[in-house]
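As C-alpha cells, the structure follows; a few thoughts come after it.
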Amino acid sequence: QVQLVESGGGLVQAGGSLRLSCAASGIIFSIYAMRWYRQAPGKQRELVAVITKSGVTNYADSVKGRFTISRDNAKTTVYLEMNSLKPEDTAVYYCNAVDLTIAREYWGQGTQVTVSS
C-alpha cells in the first residue's frame, strides 16, 4: 500500500519559515520524481516545486529564491523549506510522487499552511 504522509504545516506570520516533510512508503522512492503542489481556496491546484530522481530541481516563479525542495532517499522523504512566507502562500500543500516512465503517480492527503499578515 502506497502512502505519502505530509507534515509540518501550520500557522506562521508573514516573513516566517516552515519546513514541510513528506514521508513515502510502499514505493521505490528513488525512482520517483517528487513534487509539491498547493491549492488555495477557490483556486486551482498549482505546482510549486519538483525534484527529479537525480536531484534536479525546478520551482514556480512565485516561490523561486524563497522555497527549497530536497529529498533524502535513505529516509524516503521529500522536504519543502519555505522562507520569507507571504499571505499569498496560504494553501493546502500536497506531496506528489510520479514515475514519468509509466505515468504513475500518488498523492498525499495535504497539509495546511496559513500565513498571517
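Just the residues that are in a loop (DSSP other than H, G, I, E, B) and surrounded by 13 or more Cβ atoms within 10 Å (Cβ to Cβ), please, taken from the stretch 44-80.
If the condition is that a residue be in a loop (DSSP other than H, G, I, E, B) and surrounded by 13 or more Cβ atoms within 10 Å (Cβ to Cβ), then R45, T52, K53, A60, S62, V63, R66, T76 are the ones that fit.
What's the total number of residues in the stretch 20-43 that are of a type in the set (D, E, K, R) and surrounded by fewer than 14 Cβ atoms within 10 Å (Cβ to Cβ)?
So in the stretch 20-43, the residues of a type in the set (D, E, K, R) come out as 35, 38, 43.
Remaining after also requiring surrounded by fewer than 14 Cβ atoms within 10 Å (Cβ to Cβ): 43.
The number of residues fulfilling the criteria is 1.
Considered as a group, the residues in the stretch 89-117 that are of a type in the set (D, E) and not in a helix (DSSP H, G or I) include one that is most open to solvent (accessible area, probe 1.4 Å), and that residue is E105.
Scanning the stretch 93-106 for residues that are in contact (Cβ under 8 Å) with a residue 60 or more places away in the chain, in contact with a strand residue (DSSP E or B) (Cβ under 7 Å, 6 or more places away or on another chain) and over 16 Å from Q44 (Cα atoms) yields A97, V98, L100, Y106.
The values are calculated or read from the model by the stated rules, or taken from the named source; none is laboratory data. All figures in this text were calculated on a predicted structure; none of them were measured in a lab. Cβ atoms come from the backbone with ideal geometry, glycine included; neighbour counts cover every protein chain shown. These accessible areas exclude ligands, DNA and RNA; they are computed on the full protein's heavy atoms, side chains included. Shrake-Rupley method; radii C 1.70, N 1.55, O 1.52, S 1.80 Å.
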